[in-house]
Amino acid sequence: MSVLTITQDNFDEEVLNSSKPVLLDFWAEWCGPCRMLSPIVDQVAEELTDIKVGKINVDQEPKLASRFQVMSIPTLVLMKAGKEVERSLGAIPKNKIIELCNK
């Protein structure tokens, strides 16, 4: 499945009301570790068909970043049934992202 761009406008529909778990990638254009992590998150989105993957640009969506109390990026948040169940800070390898998604 392709990666979704999550915004304030589609957050409820794509994340809170999702029947699948959702992996959120909080990132910014200027963030080096975010740019390193981005293609890995894209690969995970293609490989794991039982989850949704969405990216939230913290510069464009500061209210969502604040809502999740994202203080550093990249931050990955796994949501299930509209609730946060796991979180990871910083760039992590693909196998760790897959482990996070399988929790």
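The values are calculated or read from the model by the stated rules, or taken from the named source; none is laboratory data. In this text the structure is predicted, and so the values were computed from the model without any measurement. Every residue, glycine as well, gets a Cβ built from its backbone with ideal geometry; the counts of neighbours run over all protein chains shown. SASA here: full protein model, heavy atoms, side chains in, ligands and nucleic acids out. Shrake-Rupley method; radii C 1.70, N 1.55, O 1.52, S 1.80 Å.
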FRET efficiency for GLN60 and GLU13, Cβ-Cβ distance as r, R0 = 25 Å, nearest 0.05?
0.90
Summed over the other residues with a beta carbon less than 9 angstrom from that of LEU4, with K and R at +1 and D and E at -1, the charge totals +1
When the accessible area of the chain is split by element with a 1.4 Å probe, what percent falls to carbon and sulfur?
51 percent
Pull the list of the chain cysteines that no other Cys approaches to under 4.7 Å, Cβ to Cβ.
CYS101
Report the net charge of residues surrounding PRO39, where surrounding means a beta-carbon distance below 11 angstrom and charges are Lys +1, Arg +1, Asp -1, Glu -1.
0
Estimated [θ] at 222 nm from DSSP helical runs (n ≥ 4, -39500 (n - 2.57)) normalised by residues in the chain, nearest 500:
-8500 deg cm²/dmol
